[in-house]
1. Right, PHE195: within 30 Å of SER130 (Cβ to Cβ) and in contact with a strand residue (DSSP E or B) (Cβ under 8 Å, 6 or more places away or on another chain) or not?
2. Quick check on my filter: what residues within the range 224-255 are surrounded by fewer than 12 Cβ atoms within 10 Å (Cβ to Cβ) and β-branched (Val, Ile, Thr)?
3. For the range 161-177, name all the residues that are of a type outside the set (D, E, K, R) and either over 18 Å from LEU92 (Cβ atoms) or touching a Ser or Thr at 6+ places or on another chain (Cβ under 6 Å) (or both).
4. Which residue pairs have Cβ atoms closer than 7 Å, lie 6 or more positions apart in sequence or on different chains, and pair a first residue in the range 46-61 that is over 23 Å from VAL183 (Cα atoms) with a second residue that is part of a loop (DSSP other than H, G, I, E, B) and at pLDDT below 85?
5. Regarding the range 96-113, can at least one residue be identified that is surrounded by fewer than 21 Cβ atoms within 10 Å (Cβ to Cβ), outside any strand (DSSP E or B) and among the hydrophobic types (A, V, I, L, M, F, W, C)?
6. Evaluate the range 214-223: report whether one residue or more is modelled with pLDDT of 95 or more and either touching a His at 6+ places or on another chain (Cβ under 9 Å) or crowded, with 17+ Cβ neighbours inside 10 Å (or both).
7. For LYS150, indicate whether it is assigned to a strand (DSSP E or B) and charged (D, E, K, R).
8. LEU210 - would you say it is buried (at least 20 other Cβ atoms within 10 Å of the Cβ) and either under 25 Å from ALA24 (Cα atoms) or among the aromatic types (Phe, Trp, Tyr) (or both)?
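The values are calculated or read from the model by the stated rules, or taken from the named source; none is laboratory data. Owing to the predicted nature of the structure, the values given are computational and were not obtained by experimental measurement. Neighbour counts run over all protein chains shown; Cβ positions are idealised from the backbone, glycine included.
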Amino acid sequence: MINSLTVVDNTLPQTYDAYKNMDATDRRNLTGQGNPLGDILPRLKINYDAEVEIEGSDPVSVPRGAWTLTVLDKDENSIRVYAKEAIVRAFLRGYRYVVWNSDTEKLELLSSIFKGWGDAVFDDLGNEFSGSKFKKSVIKQYPEFDGILKCQQVIYATVTLPNAVDMNKIPVEVVDVSALWVVKGSGFMPIADVFKTFTDKGSDMVDYPLTVTTKREKKGQVTYFVPEVKVGKLIDFTEADYELLKKFQNTINAENADLFKKFSKKLEAEKSDNVISVEVVSSDDLGADFNDDLPFPSK
């Protein structure tokens, strides 16, 4: 099934007033909230490291199960900070499929970001299916992906970390930092359920900040951390917020456009029967992006 699906127009209205005057259901579908399970931003993650190694000195212990985010300090240096809780204001929520091979520590498949299960989804291996059929269809073609092809939620948000510290326990102010939160594994359903609650109540997710902590769980010899969420009080959605919403959408558009080039390149290679190596999205810390996935299916 190549280039046969309807492409959904995810273009945001040009003005704040036009956005606020949209039909509520259309607005929530546009931001990826309404569909049921279904530039480089810093990533909000649960820290699984017990310590950080520093060249030329002894390792420094850091809190496992804490929220961590890489930010810039006052001198524009990149530092990783930690906090027991994070205040997340979700502007956009989408989904994507990935195959991360933990044995080879390589990303073997990456799909486009989509918001609805009827949307067209393509990947860097040249596949294209609707969101609802993507997993089953890809596994049929690649049986080796069974059990490791995962769906993730990708949440574009502002993040505040109260009482954040760096690895040396020095306080760092982290307020309303634009970030990406990739929710997967044991965290997928708890977070999806929160957004479903907003939709069921007729509320917009961006209007309610989420205070998230983590709960330590254990299955066999495996210890993992599950997000726990407390919904905050209603806040105003301002024109400045809408400008940020547009920037988040532009980020998604740019990433999907880059992935579409790899999708097209793979299709051209298949047409000419040439074997090529398909480049995947690179990251300096890609393995860490996947290290809070459970080694077993979540229930």
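1. Numbers: within 30 Å of SER130 (Cβ to Cβ): yes; in contact with a strand residue (DSSP E or B) (Cβ under 8 Å, 6 or more places away or on another chain): yes.
For PHE195, the condition - within 30 Å of SER130 (Cβ to Cβ) and in contact with a strand residue (DSSP E or B) (Cβ under 8 Å, 6 or more places away or on another chain) - is met.
2. THR238
3. The answer is LEU161, PRO162, ASN163, ALA164, VAL165, MET167, ASN168, ILE170, PRO171, VAL172, VAL174, VAL175.
4. Hits for this filter: PRO59/GLU53; VAL60/ILE54.
5. no
6. Yes, the range 214-223 contains at least one residue that is modelled with pLDDT of 95 or more and either touching a His at 6+ places or on another chain (Cβ under 9 Å) or crowded, with 17+ Cβ neighbours inside 10 Å (or both).
7. Numbers: assigned to a strand (DSSP E or B): yes; charged (D, E, K, R): yes.
So LYS150 fits the description; yes.
8. Working: buried (at least 20 other Cβ atoms within 10 Å of the Cβ): yes; either under 25 Å from ALA24 (Cα atoms) or among the aromatic types (Phe, Trp, Tyr) (or both): yes.
Spelling it out, LEU210 is indeed buried (at least 20 other Cβ atoms within 10 Å of the Cβ) and either under 25 Å from ALA24 (Cα atoms) or among the aromatic types (Phe, Trp, Tyr) (or both).
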